[in-house]
Amino acid sequence: MTTKNIQLLRVTHLRGPNIWTYRPVIEAWVDIGAFEDYPSNTLPGFYERLTAMLPGLALHRCGVGAPGGFLERLREGTWVAHILEHVVLELQNLAGMRTGFGKTRQTSVRGVYKMAFRTRQEQVGRAALEAGRELVMAAIEDQPYDMAAAVGRLHDMVDSLCLGPSTAHIVEAATARGIPHLRLTDGNLVQLGHGAFQRRIWTAETDQTSAIAEEIASDKDLTKSLLQSCGVPVPQGQVVNSAEEAWEAAQDIGLPVALKPYDGNHGRGVSLDLNNQKDIEAAFVLAARKGDGSVIVEQYIAGNEHRLLVVGKRVVAAARGEAAWVTGDGHANIIELVDSQINSDPRRGTGEDDPLNALAPQDGAEIILELERQGLTAYSVPASGEKVLIQRNGNVAFDVTDQVHPSVAAAATLAARVVGLDVAGVDLVLEDVSRPLVEQRGAVIEVNASPGLLAHLKPASGQPRPIGQAIIEHLFGVDKKGRIPVVGVTGSQNTTRIARLIAWLLHINGNKVGLACRDGFYLGARQVQAFDSSHWDDAQHLLINRAVDAAVFENDARMILSEGLAYDKCSVGVVTDVSGFESLTEFHIDDLDKLYNVLRTQVDVILPHGTAVLNADDPRVVAMAPLCDGEVIFYGRDPQQDAIRTHQAEGGRVLFVQGAQIVLAHSMNEVAQISLAALKPAKSEKPDMVMAAVAAAWAAGVPPELIAAGLRAFESDPKKKS
């Protein structure tokens, strides 16, 4: 506490809803030492140096709620832990991982703060935190800091560790629909939805994408044969394995022709409008080198290349390509002309965010061959006014979706269906995409599985298309959200037994139930593992399991504080009590109010059509009722308890004990009674536990008469795996 330094005492990735927010965050415990006595307005030159390093901080709203709010706090005086929060957020933004949520709160220990910030990838977030600490210290001490290098390292991490832009776009569309997602690998394999209602995507592939269809699409000759047999116009073509065969095939087909690798993609190795033996043989060498050796020679179709994206049974986007030309000035060579006339376009570059590729005439084999056909090299100096063709194909990034003629769209969707792809990129050569297909010499030249989406998400011109929304509608229809019923149980009183009893009642109702609790991991009535499974990883296993159509989770305060909830939302949330903060002092939870803020997380995540099951005998649990977006069911021993009487009067559902009966009531109407005498002794002695489980099952749609039968049949000892 005497040094002017920033120490990170503890860094935790909270992977699910937590005390800070509904989304994953990194929580850092920050000891600012002697800086506790030196807010930002007491550090000479700090404001100027920090804002010069990170001018984007001017957009941070902070507590003021408007851009510039954070700078106002910085001028007035705020503490370095809070400053670090904003610096880390800005570093992530600069690295291409947009985020905005952060909070910093002082603990009961002087100079120690809890700071949380949103991150979309744990390793990137941790690296940004460390870089932010170094940056803040450099700004305080007036030391140099290599901002470009730091952001560059983070940007590289974002590129290698985060979801690709196409996958991320689909996930964002799912999130906007309220569909949860789980990343299943370090790559782009993502689960949308939970359990039995889940779907999976892998970039632009879905779990409906047939492996057979992918194989057909990769065999260009077979694809053309199938398309032709179904009436889709395709260019006449032939597979060859030598330059001599290529020339012979070209003569049979008729000049001009096009050559491309048999198994190529992205336009690599493609040569167009070939009219003589020399050019055809040179094009064969290029195509063979870019593929597996086999080459397709096919009829050349005049026009521009178009990519139509088919999702399900409709075209959802279309883009046109354009040839690239330069005009000579009599002084500059072709490399210089390309740089000044083509690569100077801000839309061109080498990254995924660039809709058009930068061209390198001295390195691109296709461009070199095109120039040779014109008697030129990359170092030739064209005469003033002379036009030179640099690239015939490529640049398929100019949006024409609204111009597509219905007959062109019909040909594209038919081509996708013939191949068998649910998501396909159909390449056509057309003179005019807005004209009927029969009025022009158009043809389908390829059908591609796992098509690139960026040309439609970030076109060089025209508006971006909602591809993700179309794919989500294809997978889930217009209203499904891929959610199974999820029940969460939180508190410290009999929560394991409550969770097991809820799972049993759902099981006898016909659900395929998964349960993760302290007693173990269950599928139906069978105990799969016997050790404590009330943790994030075990809980995720339930959500991944395609056989599960309902899931029950036991969550204690320690799990919420150290891992976060395993699910983003739930159908039913049970809170038994707010007690036992004494075991959580290591988390700076040292009174019941702080524990309340932890346990309320369970209520915060209840869906609008869901239900909170709350213990009416605990005032702090009762206080959580207004936090619930859905319905509330109170349970308690005394029917005259204030919370129960008021809730009944307002038309709500309640449970209470009356004589030897548990009474289920809706408003002032009794729905059912369950005899405590009929229960096994271990349960009849704990009516609170039974009422919590019964209320949760009732909320989940289990009929009261089936609940009563289920209670009589419940076995305390689990059936272990054989």
### Query
Tell me, what is the FRET efficiency for LYS686 and THR646 to the nearest 0.05, using R0 = 22 angstrom and their Cβ-Cβ distance as r?
0.30
### Residue-averaged [θ]222 nm for the chain, counting only DSSP H segments that reach four residues, each worth -39500 (n - 2.57)
-10000 deg cm²/dmol
#### Entry: Radius 14 Å from Cβ of LYS480, net charge of other residues (Lys, Arg +1; Asp, Glu -1)
+1
### Task
Report the local net charge at ALA550: Lys and Arg +1, Asp and Glu -1, summed over other residues whose C-beta lies under 11 Å from its C-beta.
+1
### Message
Testing the spin-label approximation: label points 7 Å from Cα along Cα→Cβ at ASP339 and ALA360. State their distance in nm.
### Response
1.4 nm
### Message
Test of understanding: what is the full-extension gain from HIS609 to GLU72, defined as 0.36 nm times their sequence separation minus their Cα-Cα distance?
### Response
189.2 nm
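Size of the dipole of the chain about the Cα centre, Lys and Arg at +1 and Asp and Glu at -1 on the beta carbon, nothing else charged, in debye to 20?
Dipole of the chain, to the nearest 20 debye: 2240 debye.
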### Message
Only counting other Cβ atoms within 10 Å, I'd like TRP20, TRP29 sorted with the fewest neighbours first.
### Response
TRP29, TRP20
### Message
Going by average Cβ density within 10 Å per residue, which order do the peptides 338-350, 615-627, 118-130, 76-88 take, highest to lowest?
### Response
76-88, 118-130, 615-627, 338-350
### Query
Which FRET efficiency value, to the nearest 0.05, do you get for GLU670 and ARG314 by plugging their Cβ-Cβ distance into 1/(1 + (r/R0)^6) with R0 = 35 Å?
0.05
#### Entry: Alpha-carbon spread of the stretch 254-298, three principal axes, descending order, Å
24, 15, 13
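Can you tell me the convex hull volume per residue for the stretch 421-552, based on C-alpha atoms, in Å³ to the nearest whole number? Walk me through the intermediate numbers first.
Numbers: hull volume 24.7 nm³, N = 132.
In the stretch 421-552, the Cα convex hull volume per residue is 187 Å³.
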## Note on the structure
So, with points 7 Å from each Cα along the Cβ direction, the SER294-GLU582 label distance in nm works out to 7.6 nm
### Query
Tell me, what is the Rg over Rh of the chain, with Rh the Kirkwood radius over Cα pairs?
1.08
### Query
Distance from the Cα centre of the stretch 580-628 to that of the stretch 277-296, in angstrom?
69 Å
### Query
Listing LEU226, LEU475 from the residue with the fewest other Cβ atoms within 10 Å to the one with the most, what is the order?
LEU226, LEU475
### Query
Once you list every other residue whose beta carbon is under 15 Å from the beta carbon of TRP536, what net charge do they have if Lys and Arg are +1 and Asp and Glu are -1?
-4
### Message
Assuming 0.36 nm per residue, please report the length gained on full extension of the stretch GLN208 to SER562 beyond their Cα-Cα distance.
### Response
123.7 nm
### Query
Expressed as an acute angle from 0 to 90° and rounded to the nearest 10, what is the orientation of the C-alpha long axis of helix 495-508 relative to the principal long axis of the chain?
70 degrees
### Query
Can you give the three extents of the C-alpha atoms in the stretch 530-598 along their principal axes, from longest to shortest, in whole Å?
42, 24, 21
### Query
What is the fewest-to-most order of TYR379, TYR300 by other Cβ atoms lying within 10 Å of their Cβ?
TYR379, TYR300
### Message
Please compare each pair in LYS458/LYS481; LYS260/LYS313; LYS594/LYS686; LYS290/LYS387; LYS4/LYS114 to a cut-off of 20 Å on the Cα-Cα distance and tell me which ones are over it.
### Response
LYS458/LYS481; LYS260/LYS313; LYS594/LYS686; LYS290/LYS387
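Read the figures in this text as sums done on the coordinates, not as results from a lab. Only a predicted model underlies this, so the values are computations on that prediction, with no experimental measurement involved. Neighbour counts run over all protein chains shown; Cβ positions are idealised from the backbone, glycine included.
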